[in-house]
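Laboratory data are not the source of any read-out in this text; all were calculated from the coordinates shown. Predicted model only: the values in this text are computed from it and were never measured. Cβ coordinates were reconstructed from backbone atoms using ideal geometry, including for glycine residues, and neighbour counts include every protein chain displayed.
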Amino acid sequence: MSEHNRKVDRRSLMKIMGAAGATGVVMSGCSSSHGRTGGSELTGDLTGGRWDRSIAVASAGPGGNPDWQRGDAVKFLPPERIPTRGKASSVLAALPKDQLLTIYQRMTASRKWETAMKDLFVGGKDGLYGSFHTYIGEEAIACGVMAALNDDDYIASTHRGHGHLIAKGGDLNKMAAEIFFKETGYNKGYGGSMHITDMAKGIMGMNGIVGASYYLAAGAAIRGMVRGTKQVGVAFFGDGAANSPYYFSAIRSCANYKIPTIFVNENNFQYMGVPMATVVPTRYISDYTRGLGIPHHVVDGNDVSAVYAATKESVDWARAGNGPSMIEGITYRWYDHSGFAGGRVGADGAMGLPYRSDEEVKQWMSRDPIARYKGWLLEKGLATAGELSGIEAGMDKAVQASIEFARQSKDPEPGAGVWNTSASGPMPATQFFNRSGLANSAKA
Ligand SMILES: Cc1ncc(C[n+]2csc(CCOP(=O)(O)OP(=O)(O)O)c2C)c(N)n1
């Protein structure tokens, strides 16, 4: 097969996968509920109110409002001046300096790596193709959660998971090579963005199946329970994914059997182009499961200290044998659901999208979780401006190096997609074909 044909084949495959995803969207949209319940009326701060006292809320939660209009996100959690005061801030400040800097490094790496990829996709220079769901704007959730985990704890990611991987120490080179579909990529160039997995780091993978994280995290946590290792399993999921029937099934079972899990909802109150307000009957996603009697923390998801403090409490709770917790981080994605409509090379944020107003995008961008963390570190005297700019320059270099690594890497061999289907490692082609009988029929 010629080099040209191999590329066309893989490109077609990605297109088919994209079409399958689109079908799933239509089906999941059809099953959405439009009912309303009372929901909790909030005054002053978010429910839970323990880690987020500095947040002024101008309106109640984003759910339960079928009259939601474009631009209404401005009313919810309006931009406010940075400072994260109160308990969460001191919990984070108690971390050793190297850990605080690692959080900054990973938030910065995540932002810069995805922004560089955005510029490549939009600019068209490297001919990149396939799905790419940016996490930009939501980095405080991944990095706040991961800072409270041990290296051997497990995470189950989502379709929007590059930030999860980077926050848990994923390799930028292998990630970039996978986006370029090169043989040095995490999936040897046959998975693309949504399948990046690194079991050595407890990363059970990004996942194109919305709502698949629950059982993966719970299964890993049960393994830890059986072995007595005290490892926890973290399931990330979006506000849309909370409508999966598997969500309640999994979290209920985890509560029942005290399985050490943490369910982390990244509530950006939009799934694809559908506002959460019109399909979720409750004000908050966490309202779904409060009856289970497990701890719930609703936090400002753009405040890394709030996310860290809530996760730390959840981890301690789980390791002590008390079972699951639920964390809901309110946040916002700066770009379109998938791909880069409205995005421009060298400019942040996607403007002109039909389902949200530019004004609300700008308002949420002004609540940039990285700028807020940087301001907090400086204000508290926990890092110097020189240290932080050194990290930024280092991450610029690391990101450019990852792109060069991907560019220089080779395309995979055509047969590699088949050989690497075995979990125990590459399987010789002859063995595979003999087992399935395909070798014989091919001969015949
Ligand atoms: C089981 C399944 N149903 C539908 C889809 C199509 N789909 C991909 S992303 C998405 C929206 C997910 O929204 P949300 O969970 O809020 O996460 P966000 O994209 O906002 O981060 C949908 C419906 C899918 N991939 N898998």
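Working only within region 265-294, note down all residues that are within 12 Å of the ligand (Cβ to nearest atom), aliphatic (A, V, I, L, M) and at negative phi. Scanning region 265-294 gives VAL274, MET276, VAL279, VAL280, ILE285. Residue selection: ASP171 satisfies the criterion of being farther than 30 Å from SER253 by Cα, away from the ligand (no atom under 16 Å from the Cβ), without any contact (Cβ under 8 Å) to a residue 60 or more places away in the chain and of a type outside the set (Lys, Arg). Do we find a residue being touching a strand residue (DSSP E or B) at 6+ places or on another chain (Cβ under 7 Å) and under 24 Å from ARG106 (Cα atoms) anywhere in region 363-382? No: region 363-382 contains no residue that is touching a strand residue (DSSP E or B) at 6+ places or on another chain (Cβ under 7 Å) and under 24 Å from ARG106 (Cα atoms). Kindly check whether there is at least one residue in region 136-147 that is outside any helix (DSSP H, G or I) and free of Cβ contacts under 8 Å to residues at least 12 places away in the same chain. No, region 136-147 contains no residue that is outside any helix (DSSP H, G or I) and free of Cβ contacts under 8 Å to residues at least 12 places away in the same chain.
The residue that is surrounded by the most Cβ atoms within 10 Å (Cβ to Cβ), counting only those in region 195-224 that are over 20 Å from GLY169 (Cα atoms) and among the β-branched types (Val, Ile, Thr), is VAL210.
The residues of region 374-410 that are farther than 16 Å from GLY185 by Cα and not in a helix (DSSP H, G or I), listed by number, are LYS380, GLY381, LEU382, ALA383, THR384.
For SER325, the conditions (1) closer than 20 Å to CYS254 by Cα; (2) surrounded by fewer than 24 Cβ atoms within 10 Å (Cβ to Cβ) are fulfilled apart from (2). Applying the set (1) of a type outside the set (Ser, Thr, Tyr); (2) crowded, with 24+ Cβ neighbours inside 10 Å; (3) out of contact with any helix residue (DSSP H, G or I) (no Cβ under 8 Å at 6 or more places or on another chain) to CYS254 leaves exactly one unmet item: (3).
Residue check: HIS195 meets all listed conditions (1) within 13 Å of the ligand (Cβ to nearest atom); (2) farther than 23 Å from LYS112 by Cα; (3) within 19 Å of the chain's Cα centre (by Cα) but one, namely (2). Note on region 236-251: residues that are within 21 Å of VAL315 (Cβ to Cβ) and away from the ligand (no atom under 12 Å from the Cβ) amount to 2. When residues in region 148-192 are screened for being among the polar types (S, T, N, Q) and in contact with an Asp or Glu (Cβ under 7 Å, 6 or more places away or on another chain), 1 of them pass. I'd like to know if region 314-332 contains one or more residues that are touching a Phe, Trp or Tyr at 6+ places or on another chain (Cβ under 7 Å), in a loop (DSSP other than H, G, I, E, B), within 16 Å of the ligand (Cβ to nearest atom) and within 14 Å of ASN268 (Cβ to Cβ). Scanning region 314-332 turns up at least one residue that is touching a Phe, Trp or Tyr at 6+ places or on another chain (Cβ under 7 Å), in a loop (DSSP other than H, G, I, E, B), within 16 Å of the ligand (Cβ to nearest atom) and within 14 Å of ASN268 (Cβ to Cβ).
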